[in-house]
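No value in this document is a laboratory result; all are computed from the given coordinates. Everything numeric here is computed off the predicted structure, so don't read it as measured data. Cβ placement follows ideal geometry from the backbone for every residue including glycine, while neighbour counts extend to all protein chains displayed.
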């Protein structure tokens, strides 16, 4: 498969280039707060309670259409998970800080309903967008799902909410292609493994690599079988990457490929644990950075975007980032990513990461192949270097700093 990035979208996709303001849906059910650890945990009910309160306090919730929450059906879950795994989750009756039958994931008597509700809400949000009931939507859900494999729970996750929703979307009349963009700081191993052989789904993940949990998601993992080329991993090699690094990934790699893929729907695995101040991520994204990525996705999907909560363990920062995401979904202006602040710096390593991603995908996407991409990459980083103050430019030349400011 070799796809060229068209100069313009085909006729039936032209509407995807503009994003007129449309109704934004919001889906949530407090039953998901009944899933908790008896010993306390980062992945706590306060994550969603605080987020919903933030949307209320800022007036954003009043601007949304509330969607009716529902449980995922057996049929929907079985498109992704084994019957045995579903029965295991449904059979939880007691609280446990580390349930051995569920890969060490904590649980409580309210876990089965919460897990089904999380998967059902993301799926319903996707279907409501495809029906045209809302233009885009946010699903405020927990437990998260992107680590859940077809036959086991993992990493706070029980059912794979995103994969269940993507499979449902592909069965909607007229839908041929679904983009899943995962900006959680952890690689979504479960999403990748449950969808990596499906050419109807493009999975793109920006995450910490180099052995960071769960240890998957290297650049050479590009999908299997007929799905080869439709999995794209962008692994940051260490802590500290931020807004301009993610922007560079969108500018140079993500947006050109997505414009070639022409998705009918985008589902965002919206983990907010890459924000500065998260206790697990140790990255430097800001709320404005998440808003910028949201705007970019609205621009390539005709506004048909579903944002589904995944990680994010600084409760206040997660709420702030989700509120910024919602503000952009509602048509609010996107804050400028001002250069010059240390947290908004473009790291040298980003160039190497994106070059490696392109190397592994150049046989599948023409926009990443040959000298044209190399030239774009060089010009992009040369321009970043040119904008450095003279004193910093001298230090950068001698290798004593790690970032382009």
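Mean-square fluctuations from a GNM of the chain, with a 10 angstrom spring cutoff on Cα atoms, peak among 226, 371, 205 at 371. By DSSP, the beta bridges lying fully in the chain are antiparallel in about 15 percent of cases.
Our estimate of slack between residue 31 and residue 66, defined as 0.36 nm per intervening residue step minus the Cα-Cα distance, is 11.0 nm. Stretched out straight at 0.36 nm per residue, the stretch from residue 176 to residue 58 would grow longer than its current Cα-Cα span by 38.8 nm. Only Cα pairs within less than 10 Å get springs; with that Gaussian network setup on the chain, which residue of 363, 174, 331 has the largest fluctuation? Ranking 363, 174, 331 by mean-square fluctuation puts 174 first.
Our summary gives the stretch 15-339 a relative contact order of 20 percent, counting only alpha carbon pairs under 8 angstrom and 6 or more residues apart. Segment residue 101..residue 379, full-extension length gain: 94.9 nm, with 0.36 nm per residue of separation and the alpha-carbon distance subtracted. Prolate is the label for the stretch 101-186, because a/c, from the alpha-carbon gyration tensor with a ≥ b ≥ c as root eigenvalues, is 1.5 or above and a/b exceeds b/c. Each residue in 42, 313 was given a count of other beta-carbon atoms within 10 angstrom of its own, and listing them fewest first yields 42, 313. Label positions at residue 23 and residue 82, each projected 7 Å from the Cα along the C-beta direction, are separated by 4.2 nm. Within the listed set 268, 305, 52, the residue fluctuating most in the Gaussian network model of the chain (springs between alpha-carbon atoms under 10 angstrom) is 52.
Rounded if a/c is under 1.5, else prolate if a/b beats b/c, else oblate: with a ≥ b ≥ c from the C-alpha gyration tensor eigenvalues square-rooted, which is the stretch 56-126?
oblate
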